[in-house]
Amino acid sequence: MPSSIHIRSYAKINWTLEVLSRREDGYHELRTIYQTVSLYDELRITATDGSIEIVCNDPRVPCDETNLAFKAAAQLLQAAGISKGARIETEKRIPVAAGLGGGSSNAAAALLALVKLWEIEIDERELAGIAAALGSDVPFFLIGGTALGVGRGEEVSSIEQLHCEQLLLVNPGFAVSTREAYEKLSRLTRSEAAFNIPLALLAAKGISGLPLVARNDLEDAVLADHPEIAEVKRRLSSLGAIHAQMSGSGATVFGVFDNTQMTELAEAEMRSLGYWAQRVRTIDRQEYQATILR
Ligand code: C5P
């Protein structure tokens, strides 16, 4: 039995995020295309004789039972009906509360690693159920790559993998609460029939088809309070991005470029303006599954 496991916990963006309606359970019915990208946190998980312990290099991350990786471990122990200990050390690089799924990704990574470390026999559906109870984005990180998310985002299926080598993530440095972003959505009149992510077009045209179809329904609601996000979008476009859009509930914006030099220049320019900026590429499902556990 391994006593320690090292796992990568990748960030995501949402190529599209369409909000259809508010549901009776308070969540919103949505359709989104998730995408893992090459920015990642690293988790080292060690089996211990004690309880569950969280250690993190980022002081903004809580290390108590409110931590999503802590909850993941606790839920897994409960589902398996066992009592074990683990120390979960997280080296954070993904900005916190930034629309990049960092906390959800850490939780999914903890689940995948702890199943191995504690040698738990659990089928995929049960694991997906635990992940969904932890958060709407968590099940996506069990599969990674390019995936369609429906329901509240927790029902995921792998689709044609999109590839983009030139993406720039830019974060203006403030956190956005996902719950508040959804609460601010004022226009919710879209019906399910209006859902029209043209998957076939994306599959045929790849990333060049994206500007034709991509949109994020949370953007206007979040932008109303944070005009700086619109400013980041404008700057990315003027620096040559073929598309710039907020990811998830923000505040991170991703720019899609088609040229390495322009991406590098844009990264340097955004950093010189004081923004957190990071060039990334897409991680498809195959690479995701081959590289998360080492
Ligand atoms: O599922 P998760 O815990 O990440 O969601 C955080 C909050 O975002 C929820 O409590 C809810 O207010 C909002 N949300 C929503 N509809 C979704 C996903 C999240 O209203 N599909």
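The values are calculated or read from the model by the stated rules, or taken from the named source; none is laboratory data. None of these values were measured; they are calculated from a predicted model. When we count neighbours, we look across all protein chains shown, and the Cβ atoms used for this are built from the backbone with ideal geometry, even at glycine. We work out accessible area using only protein heavy atoms, side chains counted, and drop any ligands, DNA or RNA first. Shrake-Rupley method; radii C 1.70, N 1.55, O 1.52, S 1.80 Å.
Miscellaneous remarks
- Matching option when the condition is part of a helix (DSSP H, G or I), within 27 Å of ARG152 (Cβ to Cβ) and touching a residue at least 60 places away in the same chain (Cβ under 8 Å), among LEU202, LEU236: LEU202
- Close Cβ contacts (under 7 Å, 6 or more residues apart or on different chains) running from residues in region 18-38 that are within 19 Å of PHE254 (Cβ to Cβ) and polar (S, T, N, Q) to residues that are away from the ligand (no atom under 13 Å from the Cβ) and in a strand (DSSP E or B) comprise THR32/THR16; GLN35/ILE13; GLN35/TRP15; GLN35/THR146; GLN35/THR282; THR36/TYR10; SER38/VAL280.
- Subset of region 39-83 [of a type in the set (Lys, Arg) and either in contact with a Cys (Cβ under 7 Å, 6 or more places away or on another chain) or more than 21 Å from ALA132 (Cβ to Cβ) (or both)]: ARG44, ARG60
- The numbered conditions (1) more than 16 Å from the ligand (Cβ to nearest atom); (2) modelled with pLDDT of 90 or more are all true for PRO198 except (2).
- Identity of the residue in region 133-188, within 13 Å of the ligand (Cβ to nearest atom) and open to solvent by 50 Å² or more (accessible area, probe 1.4 Å), that ends up nearest to LEU236 (Cα to Cα): THR178
- Condition met for SER38 (away from the ligand (no atom under 16 Å from the Cβ), of a type in the set (Gly, Ala, Ser), open to solvent by 30 Å² or more (accessible area, probe 1.4 Å) and within 13 Å of the chain's Cα centre (by Cα)): yes
- Single residue of ARG31, ARG60 found to be away from the ligand (no atom under 16 Å from the Cβ) and of a type in the set (D, E, K, R): ARG60
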